[in-house]
Amino acid sequence: MNSLTSPIVVLDDAPKHLGLSSVRKPFSSKWAKGGGQLVVSSTARFLREMPTGVVHRLKDRLLLLSQIEQPTLENVERLFDAVVVAEPSEDLLEILSAENRDELFLRASFDPVANHVVIHRGDLSTLVVPLSWFSQTAGGPQPDTSRIRVVDSGQTLAVGDYEAAASAILYEFDADYRRRAKKRALTKDNTFGGSLRRLRLQKGLARADFGPHLSAKTVGRIERGEVEKPRGRTLTLLAKKLKVPVDALASY
Amino acid sequence: MARAFDLPRELASARWKVKVRDKERTEPPHVSVLRGTQCWRWGLRERAFLDSEPSPADLPKNLVQHLENIHDEMCAAWNDMYPHNPVTSKDDEDE
């Protein structure tokens, strides 16, 4: 669903705290461009008036600014495309106001059973990232999932002292974002070789790591565009080592 | 730990930040210039902004000058954190 046309309903019991009433107009004018809308309401009133019986799920996404009990949350979740609970803050307001809010993170949590980091974006969509992706940099801290939070106005995910750029996470896990990011790049290298090089370096691999089936020399020639775009078995070997689908190789 | 670079007081108080985080898009090497919900990538090889949006023209001149001034420090930080893709080597010679 297009985030610009997906209404977000904000339930706020203390609108003065966040000042939502004062920003409702700028929100509305921004959202109107995409045909969307923002509805500010009261949690208590909403819960009183919540529909019963068989209800078709709305395409709206709900942002709750106050915690509610789990059974009530489950009751609310049946109505919406997505439900996110976030603490009111200046950052939250700024993220929701941003035109690129789908590229910003609202909050994150850790699922210890699946070993996944669950991230809610500014358009209230959800992104799930395996913890193993947050690889330690040379001499850097280990991710600490007991202290996971969003900082830098939604641009950084902090996992303890470890910080990951939202842009890096989105570039890896959101093909639409990757397409937009490549379009914005001033220096464009849209060749297959350029994509292969970017992806290899993002994965922290050396050319020699593709052996024994592909030599470092061959990988280097592909990256420099000295050979035709590889096909068949070579593509499969590259994709397998880089852990991406074959048809996604050129998108990086 | 992410590397955040010191900025002159007037830039820091205007909420500008310059960082290399533990997980970045590694190619090309860059620092992230952050303010609020916006981010500009400053290429360490190019000594120039890497993206057309947000517009590089939105940055104050003294911030760009500061990036030039601390270029070596930023490159050293990048090379420490991402030794497999250092600033100085455009084509890693591992073949």
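Scan (1) buried (at least 20 other Cβ atoms within 10 Å of the Cβ); (2) within 20 Å of the chain's Cα centre (by Cα); (3) within 28 Å of residue A:240 (Cα to Cα) for the single condition residue A:196 breaks and write down its number.
Unmet condition: (2).
Can you give me the ranges of the strands (runs of 3 or more DSSP E) entirely in the range A:1-91 with at least 2 residues that are closer than 16 Å to residue A:124 by Cα, open to solvent by 20 Å² or more (accessible area, probe 1.4 Å) and modelled with pLDDT of 50 or more?
A:38-41, A:82-85
Starting from residues that are closer than 17 Å to residue A:168 by Cα and away from chain B (no Cβ under 14 Å), keep the ones in the range A:92-117 and report whichever is surrounded by the fewest Cβ atoms within 10 Å (Cβ to Cβ).
The first filter runs over the range A:92-117 and keeps only residues closer than 17 Å to residue A:168 by Cα, leaving A:100-108, A:116-117.
With away from chain B (no Cβ under 14 Å) added as a condition, the list becomes A:107, A:116.
Numbers: A:107: 19, A:116: 16.
Filtering the range A:92-117 for residues that are closer than 17 Å to residue A:168 by Cα and away from chain B (no Cβ under 14 Å), the one surrounded by the fewest Cβ atoms within 10 Å (Cβ to Cβ) comes out as A:116.
Given the conditions (1) in a loop (DSSP other than H, G, I, E, B); (2) surrounded by fewer than 16 Cβ atoms within 10 Å (Cβ to Cβ), report the number of the one that residue B:72 does not fulfil.
Result: residue B:72 passes all but (1).
For the range A:143-152, check the following and say yes or no: at least one residue is assigned to a helix (DSSP H, G or I), loosely packed, with under 15 Cβ neighbours inside 10 Å and more than 10 Å from every other protein chain (Cβ to nearest Cβ). Working first, answer last.
Keep residues of the range A:143-152 that are assigned to a helix (DSSP H, G or I), which gives none.
Scanning the range A:143-152, I find no residue that is assigned to a helix (DSSP H, G or I), loosely packed, with under 15 Cβ neighbours inside 10 Å and more than 10 Å from every other protein chain (Cβ to nearest Cβ), so the answer is no.
Where residues in the range B:49-69 are among the acidic types (Asp, Glu) and more than 8 Å from chain A (Cβ to nearest Cβ), which of them is most open to solvent (accessible area, probe 1.4 Å)? It would help to see each step written out before you state the result.
Kept after step one, since they are among the acidic types (Asp, Glu), are these residues of the range B:49-69: B:51, B:53, B:58, B:68.
If we keep only those that are more than 8 Å from chain A (Cβ to nearest Cβ) as well, we get B:58, B:68.
Details: B:58: 95, B:68: 66 Å².
Taking the candidates together, the pick is B:58.
Just the residues that are open to solvent by less than 30 Å² (accessible area, probe 1.4 Å), outside any loop (DSSP other than H, G, I, E, B) and more than 7 Å from every other protein chain (Cβ to nearest Cβ), please, taken from the range B:1-48.
B:11, B:18, B:19, B:20, B:30, B:31, B:33, B:40, B:41, B:42, B:43
Somewhere in the range A:167-189, is a residue outside any strand (DSSP E or B), more than 11 Å from chain B (Cβ to nearest Cβ), over 30 Å from residue A:111 (Cβ atoms) and open to solvent by 20 Å² or more (accessible area, probe 1.4 Å)?
Checking the range A:167-189: not a single residue is outside any strand (DSSP E or B), more than 11 Å from chain B (Cβ to nearest Cβ), over 30 Å from residue A:111 (Cβ atoms) and open to solvent by 20 Å² or more (accessible area, probe 1.4 Å).
Run residue A:128 past the list (1) more than 7 Å from chain B (Cβ to nearest Cβ); (2) farther than 21 Å from residue A:199 by Cβ; (3) assigned to a strand (DSSP E or B) and report the number of the one that doesn't hold.
Going through (1) more than 7 Å from chain B (Cβ to nearest Cβ); (2) farther than 21 Å from residue A:199 by Cβ; (3) assigned to a strand (DSSP E or B) one by one, residue A:128 breaks only (2).
Among (1) modelled with pLDDT of 90 or more; (2) more than 14 Å from chain B (Cβ to nearest Cβ); (3) surrounded by fewer than 17 Cβ atoms within 10 Å (Cβ to Cβ), where does residue A:228 come up short?
(1)
The values are calculated or read from the model by the stated rules, or taken from the named source; none is laboratory data. Nothing here was measured: the structure is a model prediction, and the numbers come from that model. So basically every Cβ, Gly included, is an ideal-geometry build from the backbone, and we count neighbours across all protein chains shown. Ligands, DNA and RNA are excluded from the accessible area calculation, which covers all protein heavy atoms including side chains. Shrake-Rupley method; radii C 1.70, N 1.55, O 1.52, S 1.80 Å.
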